[in-house]
Amino acid sequence: MLEELKREAYEANLLLPKNGLINLTFGNASAIDRAKGIFAIKPSGVDYAVLRAEDMVLVDLEGKKVEGKLNPSSDTPTHRRLFLGFPSIGGVVHTHSSHATAFAQAGRAVPIFGTTHADYFYGEIPVTRKMTPEQIASAYEWETGTVILERFKGIDPLDCPAVLVNRHGPFTWGPTVAKAVEVAIAAECCAAVALMSLQLEPTLLPIEPELLNKHFKRKHGPGAYYGQPDRKPEA
């Protein structure tokens with residue numbers, strides 16, 4: 001069932017350790033078939049070195065496991081919450097990549113200082129508020145999605161396809177799971193460069209609005225002109 005969807009999710013998960021975004025088994029990627037209301041996600045705690053496409057677990061938007069011998073990722077409710085809250089997305093990625101996680105643990109957004117960041121994000125990478133003790137004690141993973149959606153009120157999730165969950169780490173998304181992986185790589189790069197920039201110049205101000213608009217809108221939206229027709233843009 002949905003073998004192509006499982007393959008997409010599997011390949012996306014393998015890209016996470018390949019790009020240095022994963023330590024041990026931390027992190028996961030999921031891909032959704034919107035027509036069927038089913039998404040494929042990595043099984044919980046399975047080492048990437050032995051992961052197979054057939055290991056991907058299928059889950060519906062009610063949270064019911066549809067297919068799979070293994071348990072889905074413990075973060076499955078967060079992915080489900082994001083798929084429900086952001087109808088325009090087709091894939092979700094969660095990592096504990098070092099620099100982005102450092103900002104998340106500090107409770108700080110990743111500031112936007114330059115064009116590298118502006119190529120992917122129309123502003124800072126936001127950070128959520130801390131979860132309440134009640135949220136942590138109840139449906140923790142679902143409530144993780146709740147604080148993300150709360151933070152994104154008034155923000156187009158495709159203008160800023162990443163968030164830092166306070167004390168936890170980054171989640172990214174995109175129209176496809178492959179794009180969500182690309183955004184996860186970009187988010188980690190931007191966090192690393194922002195940290196180095198602050199070390200060099202602690203009082204550095206955010207990028208000028210004119211430069212932000214130019215770089216973001218040349219790659220995104222109806223006026224985009226970066227790249228070639230019918231080809232996936234490269235960073």
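Key figures
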| read-out | value |
| --- | --- |
| Long-range Cα-Cα pairs in the stretch 76-123 (distance over 12 Å), rounded percent | 72 |
| Aspartates and glutamates whose Cα lies under 19 Å from that of Lys219, excluding same-chain neighbours fewer than 8 positions away | Asp119, Glu124, Asp156, Asp159, Glu182, Glu208, Glu210, Asp230, Glu234 |
| Percent accessible area from carbon and sulfur atoms, the stretch 86-180, protein chains only, probe 1.4 Å | 55 |
| Percent carbon-and-sulfur accessible area, the stretch 1-83, ignoring ligands, DNA and RNA, probe 1.4 Å | 50 |
| Fluctuation leader among Ile22, Ile155, Ile112 - the chain, Gaussian network, Cα springs under 10 angstrom | Ile155 |
| Alpha-carbon centroids, the stretch 16-34 and the stretch 131-206: separation in whole Å | 15 |
| Förster radius 35 Å - calculated FRET efficiency between Asn23 and Lys217 (Cβ-Cβ, nearest 0.05) | 0.50 |
| Å² of accessible area per residue within the stretch 115-188, as computed with a 1.4 Å probe and no ligands counted | 39 |
| Partners for Lys130 among lysines (Cα-Cα distance below 20 Å; same-chain residues under 8 apart left out) | Lys153 |
| Förster-model FRET efficiency, 35 Å R0, Leu84 and Glu208, C-beta, rounded to 0.05 | 0.45 |
| Neighbour net charge for Ile41 - beta-carbon separation under 11 angstrom, K R +1, D E -1 | +2 |
| Calculated P(r) tail over 16 Å for the stretch 78-175, as whole % of Cα pairs | 54 |
| Options Val163, Val93, Trp142, ranked by Cα towards positive dipole end of the chain, top entry (Cβ charges) | Trp142 |
| Calculated FRET efficiency for the pair Glu3/Leu149, C-beta based, R₀ 45 Å, to 0.05 | 0.90 |
| For the chain, built as a Gaussian network whose Cα springs stay under 10 Å, the top-fluctuating residue of Val193, Val183, Val92 | Val193 |
| Per residue convex hull volume, Cα atoms of the stretch 27-126, in Å³ | 132 |
| Lys65 paired with Gln105, simple spin-label distance in nm, labels 7 Å along Cα-to-beta-carbon | 3.2 |
| Accessible area per residue, Å², the stretch 29-112 with all protein chains present, probe 1.4 Å | 41 |
| Pairs from Lys6/Lys179; Lys42/Lys64; Lys36/Lys179 whose Cα-Cα separation, in the structure shown, is over 18 Å | Lys36/Lys179 |
| Given charges at Cβ of Lys, Arg, Asp, Glu: the chain dipole, positive-most of Ala12, Leu61, Leu195 | Leu61 |
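The values are calculated or read from the model by the stated rules, or taken from the named source; none is laboratory data. On a predicted model such as this, the values are computed, not experimentally measured, just so you know. With ideal geometry, Cβ positions are generated from the backbone for all residues, glycine too; neighbour counts draw on all protein chains shown. Accessible surface areas use protein heavy atoms only, side chains included; no ligands, DNA or RNA. Shrake-Rupley method; radii C 1.70, N 1.55, O 1.52, S 1.80 Å.
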